[in-house]
Amino acid sequence: MPTAIAVTSPDLVLPPHDRQTPPAVVQPLDTLESSLLGMHALIEQHGYVISLYPASVSGDVTQRLRTVRSVLESDRIALLGIDLPPLGVALLAQQLRQLSVCDFSPGVLASAARLLAHYIYAGALLGSVAKLDRVPVSLKSHAKSWVPGAQFAVLANPRPQLVRVGQEELAGPEFGTRLLAAAGQAPSDWVTETLAPAWRVQGVATVPLPAESARWWGTGKLVEFAAGLYDVSVLYQLVSSVRREQCHWCGLELIGDRCGFCAAPLPPPSPPTPSAQSPSPSQPQLRTKSQAPSSSAELPAAPARAASSVRALPPGAT
């Protein structure tokens with residue numbers, strides 16, 4: 001059975017692209033008892049569980065997830081707080097669901113979440129930025145948000161950006177993506193009719209707005225959007241091109257510089273060991289080359305046209 005992918009609410013479960021994509025599960029459940037029973041059943045059936053939750057979610061949710069893992073005393077549960085807007089988290093969960101049927105080990109799949117998040121363009125169309133505190137907002141933008149009819153396009157990931165609609169453009173992906181759009185109380189065609197062509201997306205899908213989105217963006221009058229890779233063969237190539245390491249703590253495979261299950265970082269590279277004996281002047285000097293592993297894996301170039309814009313993730317970045 002493939003590794004189970006869990007999210008914290010049903011509105012973070014996007015429809016699958018095909019019949020091969022397994023569904024996501026919801027954890028935690030309403031009570032601690034039901035959460036324990038549900039998580040235990042997932043481990044028994046799938047072997048490993050990767051549980052994604054938005055970094056903005058309430059402390060009660062994260063506390064229950066940690067309690068479940070502690071009570072079950074299981075090292076087969078990965079709890080990954082993702083610093084993406086809710087629709088971006090839903091898209092990331094969908095990508096991991098696609099990859100869960102491939103030949104990746106659970107450790108590689110869990111640590112791939114940070115890599116894939118780097119390629120997700122997540123933002124929103126807002127009528128006001130007065131309560132937006134997750135993206136830098138200038139005083140000038142705050143003042144303009146009080147103007148009737150003003151609209152702002154905000155990009156939260158991979159690089160924060162805020163522009164006035166009609167005056168500037170959002171920096172978009174330089175590789176093929178599929179765009180998801182979720183409208184709140186103020187529906188607008190700007191995302192599908194203006195942003196999608198500007199970003200040259202390869203498809204647009206409309207999905208329900210996650211309940212957490214209004215709190216994340218500071219307003220219910222929004223249209224949230226997220227663009228990312230959708231072809232499983234491209235996702236597979238991206239993840240498989242990164243060098244794999246072995247976690248020195250739990251022994252699972254990983255990519256990058258941190259284990260997705262136990263969160264242990266890779267140890268720093270060992271210094272070369274000096275020779276025990278200095279060579280005799282009359283003997284030829286033998287030299288050995290020590291190739292210590294790097295402390296962090298380099299990100300592969302992004303698919304298609306993004307090769308020139310991709311950088312390595314800094315250690316500890318999400």
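Data overview
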{"read-out": "Set Gly59, Gly81, Gly47: member being out of contact with any helix residue (DSSP H, G or I) (no Cβ under 6 Å at 6 or more places or on another chain) and on the phi > 0 side of the Ramachandran plot", "value": "Gly47"}
{"read-out": "Residue check, Ala41 in contact (Cβ under 8 Å) with a residue 24 or more places away in the chain, hydrophobic (A, V, I, L, M, F, W, C) and under 30 Å from Arg19 (Cβ atoms)", "value": "no"}
{"read-out": "Extreme residue, modelled with the highest pLDDT, among residues of the range 137-149 that are closer than 22 Å to Ala198 by Cβ and open to solvent by 50 Å² or more (accessible area, probe 1.4 Å)", "value": "Gly149"}
{"read-out": "Residues satisfying the stated conditions in the range 221-235, i.e. assigned to a loop (DSSP other than H, G, I, E, B) and open to solvent by 20 Å² or more (accessible area, probe 1.4 Å)", "value": "Lys221, Tyr230, Asp231"}
{"read-out": "Residues that are under 17 Å from the mean Cα position of the chain (by Cα), crowded, with 21+ Cβ neighbours inside 10 Å and not in a strand (DSSP E or B), drawn from the range 119-136", "value": "Tyr119, Ile120"}
{"read-out": "From Val101, Val68, Val89, residue being more than 24 Å from Gly256 (Cβ to Cβ) and in contact with a Pro (Cβ under 8 Å, 6 or more places away or on another chain)", "value": "Val68"}
{"read-out": "Hits in the range 183-199 - residues which are touching a residue at least 12 places away in the same chain (Cβ under 8 Å), assigned to a helix (DSSP H, G or I) and not polar (S, T, N, Q)", "value": "Trp190, Val191, Leu195, Ala196, Ala198, Trp199"}
{"read-out": "The lone exception for Leu79 - which of (1) crowded, with 17+ Cβ neighbours inside 10 Å; (2) outside any strand (DSSP E or B) it fails", "value": "(2)"}
{"read-out": "Total residues in the range 205-220, condition assigned to a strand (DSSP E or B), among the β-branched types (Val, Ile, Thr) and open to solvent by less than 40 Å² (accessible area, probe 1.4 Å)", "value": "0"}
{"read-out": "Residue ID - most open to solvent (accessible area, probe 1.4 Å), chosen from residues in the range 44-71 that are hydrophobic (A, V, I, L, M, F, W, C) and either at pLDDT below 95 or within 17 Å of Thr8 (Cα to Cα) (or both)", "value": "Ala55"}
{"read-out": "Selection within the range 83-103 - in contact with a strand residue (DSSP E or B) (Cβ under 9 Å, 6 or more places away or on another chain) and modelled with pLDDT under 95", "value": "Asp83"}
{"read-out": "Every residue from the range 14-43 that is within 23 Å of the chain's Cα centre (by Cα) and open to solvent by less than 50 Å² (accessible area, probe 1.4 Å)", "value": "Leu14, Thr21, Pro22, Ala24, Val25, Val26, Gln27, Pro28, Met39, Leu42, Ile43"}
{"read-out": "Among (1) buried (at least 24 other Cβ atoms within 10 Å of the Cβ); (2) of a type in the set (Gly, Ala, Ser); (3) farther than 24 Å from Leu162 by Cα - the single one Ser105 does not satisfy", "value": "(1)"}
{"read-out": "Odd one out for Phe152, checked against (1) touching a Phe, Trp or Tyr at 6+ places or on another chain (Cβ under 7 Å); (2) open to solvent by less than 10 Å² (accessible area, probe 1.4 Å); (3) of a type outside the set (A, V, I, L, M)", "value": "(1)"}
{"read-out": "Condition broken by Gln202, with the remaining ones in (1) assigned to a loop (DSSP other than H, G, I, E, B); (2) of a type in the set (S, T, N, Q); (3) open to solvent by less than 60 Å² (accessible area, probe 1.4 Å); (4) over 23 Å from Thr8 (Cα atoms) satisfied", "value": "(3)"}
{"read-out": "So Gly176, is it assigned to a strand (DSSP E or B) and either crowded, with 21+ Cβ neighbours inside 10 Å or at pLDDT 85 or above (or both)", "value": "no"}
{"read-out": "Residue list for the range 69-93, restricted to those being farther than 13 Å from Ala110 by Cα and among the basic types (Lys, Arg)", "value": "Arg69"}
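The values are calculated or read from the model by the stated rules, or taken from the named source; none is laboratory data. Everything numeric in this text was worked out from a predicted model, so none of it was measured. Because the Cβ atoms are built from the backbone with ideal geometry, glycine has one as well, and the counts that use them run over all protein chains shown. These accessible areas exclude ligands, DNA and RNA; they are computed on the full protein's heavy atoms, side chains included. Shrake-Rupley method; radii C 1.70, N 1.55, O 1.52, S 1.80 Å.
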